[in-house]
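The values are calculated or read from the model by the stated rules, or taken from the named source; none is laboratory data. These numbers come from a predicted model, not from an experiment. Cβ sites come from the backbone with ideal geometry, for glycine too, and all protein chains shown count toward neighbours. Areas reflect the complete protein model, heavy atoms only, side chains present, ligands, DNA and RNA absent. Shrake-Rupley method; radii C 1.70, N 1.55, O 1.52, S 1.80 Å.
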Amino acid sequence: QVQLVESGGGMVQAGGSLRLSCSASGRTFSSLAMGWFRQAPGKERELVAALGNTWSGRLTRYADSVKGRFTISRDDVKNTVYLQMNSLKPEDAAVYYCAAAGTMGIPRNYDYWGQGTQVTVSS
């Protein structure tokens with residue numbers, strides 16, 4: 001059992017920055033593969049960024065639309081994963097969800113989800 005709680009959402013002007021946080025509890029955090037998803041009204045949920053474990057170390061993946069602008073990271077002491085979002089665009093506006101899975105690498109599916117945090121970007 002894993003509980004995830006997101007925070008850090010809000011309203012920002014285009015070109016601005018936000019940092020989302022996801023606090024995890026209920027399982028050894030360092031063993032979890034973590035991901036950030038987003039869903040805008042009328043659109044499918046999409047993977048934004050993922051951070052997984054491999055035998056050789058950590059692996060990150062990003063959606064093409066956010067590469068170079070967003071960064072996923074984790075603090076295993078605080079049991080927290082972050083999504084640093086820079087150069088925000090109106091199309092980045094969505095509800096952002098934190099997700100976790102107890103697997104190696106980048107999961108196809110995630111087992112645990114937070115409730116989401118709203119990100120609004122004004123033009």
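Can you name the residue in the range 111-123 that is farther than 23 Å from T54 by Cα and assigned to a strand (DSSP E or B) and, of all such residues, is nearest to the chain's Cα centre (by Cα)? Spell out how you get there, then give the answer.
Narrowing the range 111-123 to residues farther than 23 Å from T54 by Cα: 114-123.
From the residues that got through so far, the ones that are assigned to a strand (DSSP E or B) too are 117-122.
Details: T117: 10, Q118: 12, V119: 12, T120: 16, V121: 17, S122: 21 Å.
Ranking the qualifying residues of the range 111-123, first place goes to T117.
Which of the numbered conditions does R108 fail, given that it passes all the others? Conditions: (1) modelled with pLDDT of 95 or more; (2) assigned to a loop (DSSP other than H, G, I, E, B).
(1)
Take the range 39-88 and flag every residue that is in a strand (DSSP E or B) and of a type in the set (V, I, T).
So the first thing to find is which residues in the range 39-88 are in a strand (DSSP E or B), and the list is 39, 46-54, 57-62, 70-75, 80-85.
Residues satisfying the conditions are V48, T54, T60, T71, I72, T80, V81.
If you check every pair at least six apart or on different chains, which have Cβ atoms under 9 Å apart with a residue in the range 26-51 that is acidic (D, E) first and a residue that is open to solvent by 10 Å² or more (accessible area, probe 1.4 Å) and assigned to a loop (DSSP other than H, G, I, E, B) second?
E46/A40; E46/A63; E46/S65
Against the conditions (1) among the hydroxyl-bearing types (S, T, Y); (2) open to solvent by 30 Å² or more (accessible area, probe 1.4 Å); (3) in contact (Cβ under 8 Å) with a residue 12 or more places away in the chain, where does Y110 fall short? Just the number, please.
(2)
Does the range 37-96 hold any residues that are open to solvent by 50 Å² or more (accessible area, probe 1.4 Å), basic (K, R) and closer than 28 Å to S123 by Cβ, and which are they?
If the condition is that a residue be open to solvent by 50 Å² or more (accessible area, probe 1.4 Å), basic (K, R) and closer than 28 Å to S123 by Cβ, then K43, R45, K67, K89 are the ones that fit.
For the range 81-105, what are the residues that are modelled with pLDDT of 95 or more and of a type in the set (S, T, Y)?
Y82, S87, Y96, Y97
If we keep just the residues of the range 1-28 that are under 14 Å from D111 (Cβ atoms) and among the aliphatic types (A, V, I, L, M), which is modelled with the highest pLDDT? Spell out how you get there, then give the answer.
The initial filter retains those residues of the range 1-28 that are under 14 Å from D111 (Cβ atoms), namely 1-4, 24, 26-27.
Pick out the ones that are also among the aliphatic types (A, V, I, L, M) and you get 2, 4, 24.
Working: V2: 91, L4: 96, A24: 93.
Per the stated criteria, the residue is L4.
What about V12, is it surrounded by fewer than 21 Cβ atoms within 10 Å (Cβ to Cβ), within 12 Å of V119 (Cα to Cα) and among the aliphatic types (A, V, I, L, M)? I'd like the intermediate steps shown before the answer.
Details: surrounded by fewer than 21 Cβ atoms within 10 Å (Cβ to Cβ): yes; within 12 Å of V119 (Cα to Cα): yes; among the aliphatic types (A, V, I, L, M): yes.
Yes, satisfied.
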